[in-house]
Amino acid sequence: MERTWGIRLLLIGFVLLTGLGVAVATGAVRAGKPVPKASGPVIPSLGTAKNGVFAGSGVTFRYPTGWRTLPPQSTPVGELGPTRRIVIGSGTGSDRVVVQAFRLQAPITDAEKTGVMGQVGSSVSAFVSSQHGTMETPVAEGKLGALPAFTATASWPGTGGATMHGRFYFGYQGYAIFEVTCQRATTAPAQIDAGCDQIVETFRVA
């Protein structure tokens, strides 16, 4: 039961990106209730991003040299919340990439992959529904760099009439799971997607 709960809490990153706060721990997202504003301390930084290269907490990846780190929003910190986070992007609007590290209660084994993928899929669908959005591709097995991962895409209404597009990656290794969430408005330049591609393709864990 504890392992299932830990997987469900991974949706912290999704809710964070919309600026609505976090309600996964209380079940508000899954129940379709209004999501309260985030509160609590800021999660410690995952590492250092400089001149197009990120390194920290055993993680490395490359990103567009014109991008910079952005202030992370605060979220409630619980036993199963993210241990580290970095937010990076061009600095325009809501276009950004959030990278977070979580610690699992136990590693995800091959025998459990299907069950975990179902849990993640249910949670992603619940989030998208809460934002009156649409799943574009369901949760499926994929890659985050060299890591096995669960991936999905979705869209939901943003501010000012723009539609937000999200790409979600959950790469896992041992007792760690890494969430990379790319968010951009449909009116944003294509370079936002290219920057996300670069981060995902070059993502490595020691």
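The values are calculated or read from the model by the stated rules, or taken from the named source; none is laboratory data. Predicted model, so just to flag it, every value in this text is computed and none were measured. Cβ: placed from backbone, ideal geometry, glycine included. Neighbour counts: every protein chain shown.
General remarks:
- Evaluation of ASP197 against (1) acidic (Asp, Glu); (2) under 27 Å from SER57 (Cβ atoms); (3) over 14 Å from the mean Cα position of the chain (by Cα); (4) part of a strand (DSSP E or B) (one fails), failing number: (4)
- The set of residues in the stretch 155-185 that are in contact with a helix residue (DSSP H, G or I) (Cβ under 8 Å, 6 or more places away or on another chain) and over 15 Å from VAL98 (Cβ atoms) contains only TRP156.
- Among residues of the stretch 108-147, those that are at pLDDT 90 or above and in contact with a Phe, Trp or Tyr (Cβ under 6 Å, 6 or more places away or on another chain), counted: 6
- Restricting the stretch 174-206 to residues that are of a type in the set (S, T, N, Q) and at pLDDT 95 or above, the residue that is nearest to VAL87 (Cα to Cα): GLN198
- Count of the stretch 155-172 residues, restricted to those that are free of Cβ contacts under 8 Å to residues at least 60 places away in the same chain and closer than 25 Å to ARG62 by Cα, is 4.
The rows are residues; the columns are (1) closer than 20 Å to ALA188 by Cα; (2) at pLDDT 90 or above; (3) touching a Phe, Trp or Tyr at 6+ places or on another chain (Cβ under 8 Å); (4) surrounded by fewer than 16 Cβ atoms within 10 Å (Cβ to Cβ).
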| position | (1), (2), (3), (4) |
| --- | --- |
| GLY21 | no, no, no, no |
| GLY32 | no, no, no, yes |
| ALA55 | no, yes, no, yes |
| PRO76 | no, no, no, no |
| ARG84 | no, no, no, no |
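- Applying the criterion of being of a type in the set (S, T, N, Q) and farther than 13 Å from VAL97 by Cα to the residues of the stretch 57-72, the residue that is modelled with the highest pLDDT is THR60.
- Pairing residues of the stretch 113-124 that are within 17 Å of GLN173 (Cα to Cα) with residues that are of a type outside the set (Asp, Glu), at Cβ distances under 6 Å and at least 6 apart in sequence or on separate chains, gives VAL116/ILE7; VAL116/ILE108; MET117/VAL139; MET117/PHE150; VAL120/VAL139; VAL120/PHE150.
- Residues that are closer than 21 Å to VAL99 by Cβ, in contact (Cβ under 8 Å) with a residue 24 or more places away in the chain and surrounded by fewer than 20 Cβ atoms within 10 Å (Cβ to Cβ) within the stretch 129-154 comprise GLU141, GLY142, LYS143, GLY145, ALA146, LEU147, PRO148, listed in sequence order.
- Restricted to strands (runs of 3 or more DSSP E) entirely inside the stretch 42-160, those with at least 1 residues that are among the small types (Gly, Ala, Ser) and within 16 Å of VAL180 (Cα to Cα) are 48-50, 53-56, 84-89, 96-103, 134-144, 147-157.
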